[in-house]
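Okay, structure first, notes after.
The values are calculated or read from the model by the stated rules, or taken from the named source; none is laboratory data. In this text, all values refer to a predicted model and were calculated from it rather than measured experimentally. Ideal geometry is used to build each Cβ from the backbone, glycine not excepted, and the neighbour counts take in all protein chains shown. All accessible areas refer to the heavy atoms of the entire protein, side chains included, with ligands and DNA or RNA removed. Shrake-Rupley method; radii C 1.70, N 1.55, O 1.52, S 1.80 Å.
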Amino acid sequence: MILQRKLTLVVATGAIALGAGHYVQEKAGDRATAEPLDMIVSDVVPVAAGPADVAVTPTIIEPPALPGETAPIVKVPAPVTDAPSPERFAAADPATDLVQEAQPMPAPAMAPTPDCTVKMDLLPQPDAMIGLSLLAPCQADQRVVLKHAGLAVTARTSASGALIASLPALTAVADVEVILTGGEKVRASVPMPDFAGVQRFAVQWQDADAFQLHAFENGAGYNQPGHISASYTGTSGESGVVTLLGDATVNLPLLAEVYTFGPAQKTELVLEAEVTKTTCGREILGEAILATGGSVEITDLTLSMPGCEAVGDILVLKNLLQDMTLAIAN
């Protein structure tokens, strides 16, 4: 009696059946007593396949072994499927990615509010000069106006909002006001210990309405020792000094020239005004300031300029000191 063995399959496919048949055919060539192929294949019980997306665990199939032989092991691969595994979905969850991308960015650090406090200090300097130190952090590279006893000149702050300047004192206690861009004002005062006996004469103007101040001490003539101006200083040894004030590079500059009297016995003051293309045919305006004997006198200056055919000419105003001294006496 021939022993028949059955093959148990988990997945019934034609590939497995043919594989088993091929195995029996190879063995049939070696043994004359092998069973016919159709007898073995007919004992294969088909099993209905599950859904395509169900993962199948490979099963080891043991074909019938001949007496005295060990049955070889045939591994049946699991069916290939394009359906992604649950682990794959878990690794790339679009909802999770969206939540991660939607995480709010940390808020940028807020810049500290700048301190715009304006600070000004005054310091008495030699020769009755006022040392001014200004710090305006929020007024960098800005036009400012310095005012003292009727004198008004422009200046410009640095890139950090700082300003260092000097003004000739016109009073024994110097009150100084600084007007910043936007109209903000700061004030300070300082006593001038060496102001006694100081006499000063100033002329001031705006923009192109320019005046030039000349002082002639002890009967000096032009370009002689004792002739004092912003561009020429005599060498008599007893000369006063003319100081040019103001920054002409700012918008609407306010400029001035201030003469500090020397010990000369006699001084004559002269103002000159050059006829230019910007001043010809109109009036130019200015102010004259005399500080002497502890008082300050301010006089308006109005000068009618000739027509533009006179460009290059110079108008001369004399006897200014005498006229102002009489005005003070009256």
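What the table below lists for this structure:
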item	result
Any hit, the range 191-199, residues being part of a strand (DSSP E or B), modelled with pLDDT of 95 or more and either within 15 Å of residue 241 (Cα to Cα) or open to solvent by less than 50 Å² (accessible area, probe 1.4 Å) (or both)	no
Hits in the range 245-271 - residues which are at pLDDT below 95, open to solvent by 20 Å² or more (accessible area, probe 1.4 Å) and within 23 Å of residue 313 (Cβ to Cβ)	268
The range 161-184, subset open to solvent by 70 Å² or more (accessible area, probe 1.4 Å) and either outside any strand (DSSP E or B) or touching a Lys or Arg at 6+ places or on another chain (Cβ under 9 Å) (or both), residue farthest from residue 298 (Cα to Cα)	182
Candidate set from the range 288-309 (those that are in a strand (DSSP E or B) and of a type in the set (Asp, Glu)); member that is surrounded by the most Cβ atoms within 10 Å (Cβ to Cβ)	297
Residue check, residue 220 buried (at least 16 other Cβ atoms within 10 Å of the Cβ) and of a type outside the set (Phe, Trp, Tyr)	yes
Qualifying residue in the range 271-287 (condition: in a strand (DSSP E or B), farther than 19 Å from residue 222 by Cα and without any contact (Cβ under 8 Å) to a residue 24 or more places away in the chain)	yes
Test: residue in the range 196-217 that is under 36 Å from the mean Cα position of the chain (by Cα), closer than 20 Å to residue 130 by Cβ and in contact (Cβ under 8 Å) with a residue 12 or more places away in the chain	no
Top-ranked residue of the range 272-287 - restricted to ones that are open to solvent by less than 50 Å² (accessible area, probe 1.4 Å) and of a type in the set (Val, Ile, Thr), ranked as nearest to residue 227 (Cα to Cα)	275
Some residue of the range 119-128 being among the polar types (S, T, N, Q), surrounded by fewer than 15 Cβ atoms within 10 Å (Cβ to Cβ) and not in a loop (DSSP other than H, G, I, E, B)	no
